[in-house]
Amino acid sequence: MALLPLKELYLECLHCTKCDLSKTKTNMVFGEGNLRAKVMFVGEGPGRDEDLQGRPFVGRAGQLLNKMLEEVGLKREEVYIANVVKCRPPNNRVPLQSEIDACLPYLRNQVAIIAPKIIVCLGATAAKAIIDKNFKITTMRGQWFERKGVKIIATYHPAAILRDPEKLEPAMEDFKKIKEELNKLL
């Protein structure tokens, strides 16, 4: 897929029918935030609230993400937030590999446009799509990887933290690492 300008990419995602998620979605959730962000967060895919509003991380997990950002001195407006898949999987199931494969070129195009210095994978699905297909979130989160000059780190997805609050402390340690790395770049 050739690199598309943001508006064209948005329209291509909006009209995409490369997988069956396009048939069951309410809204395509493209991503949002600072188009010159140094940090890009990537989640798994839209949930119910995101599907209804057409915006990423607006439900309970999004509220927690906002608090986690604030805790380390970041504002949501300073970062860019996207997902591996742009349409909600039925019943919030994990996206199928074929759905991820269909959507990944769009995410790569977004990364090329935003040109972040740091990518944060929120959860195992994003980490497997971006870092390594065998990524294990419980043992590999908080470690830095580098691809094409971009630092990449994975941490627990905010929804996983809501289900298991004991994951909050290690996730906050990861967020502190992200802020430290960002400070080195400024």
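Side notes on the structure shown:
- Flag if Val94 is in contact with a Gly (Cβ under 7 Å, 6 or more places away or on another chain), assigned to a loop (DSSP other than H, G, I, E, B) and not charged (D, E, K, R): no
- Residue check, Phe145 open to solvent by 30 Å² or more (accessible area, probe 1.4 Å), among the hydrophobic types (A, V, I, L, M, F, W, C) and farther than 24 Å from Lys18 by Cα: yes
- Scanning the stretch 19-28 for residues that are part of a loop (DSSP other than H, G, I, E, B) and either crowded, with 16+ Cβ neighbours inside 10 Å or of a type in the set (A, V, I, L, M) (or both) turns up Cys19, Lys25, Asn27, Met28.
- Residues within the stretch 148-175 that are surrounded by 14 or more Cβ atoms within 10 Å (Cβ to Cβ) and either out of contact with any helix residue (DSSP H, G or I) (no Cβ under 9 Å at 6 or more places or on another chain) or of a type outside the set (Val, Ile, Thr) (or both), tallied: 15
- The stretch 58-77, subset in contact (Cβ under 8 Å) with a residue 12 or more places away in the chain and among the basic types (Lys, Arg), residue surrounded by the most Cβ atoms within 10 Å (Cβ to Cβ): Arg76
- Sub-9 Å Cβ pairs linking a first residue in the stretch 94-121 that is closer than 13 Å to Asn83 by Cβ to a second residue that is at pLDDT 95 or above and hydroxyl-bearing (Ser, Thr, Tyr), at least 6 apart or interchain, are Val94/Thr125; Pro95/Thr125; Ile100/Thr125; Gln110/Tyr80; Val120/Thr155; Cys121/Thr155, ordered by first then second residue.
- Restricting Val120, Val94, Val85 to those that are over 20 Å from Leu35 (Cβ atoms), hydrophobic (A, V, I, L, M, F, W, C), touching a Ser or Thr at 6+ places or on another chain (Cβ under 9 Å) and crowded, with 21+ Cβ neighbours inside 10 Å reduces the list to Val85.
- Qualifying residues in the stretch 29-57 (those that are assigned to a loop (DSSP other than H, G, I, E, B) and over 24 Å from Ile131 (Cα atoms)) - the one least open to solvent (accessible area, probe 1.4 Å): Gly54
The values are calculated or read from the model by the stated rules, or taken from the named source; none is laboratory data. Source: prediction; values computed, not measured. Glycine also receives a Cβ, built like all others from the backbone with ideal geometry; neighbour counts cover every protein chain displayed. For the accessible areas, the whole protein counts, side chains as well, though only heavy atoms, and no ligand, DNA or RNA atoms are used. Shrake-Rupley method; radii C 1.70, N 1.55, O 1.52, S 1.80 Å.
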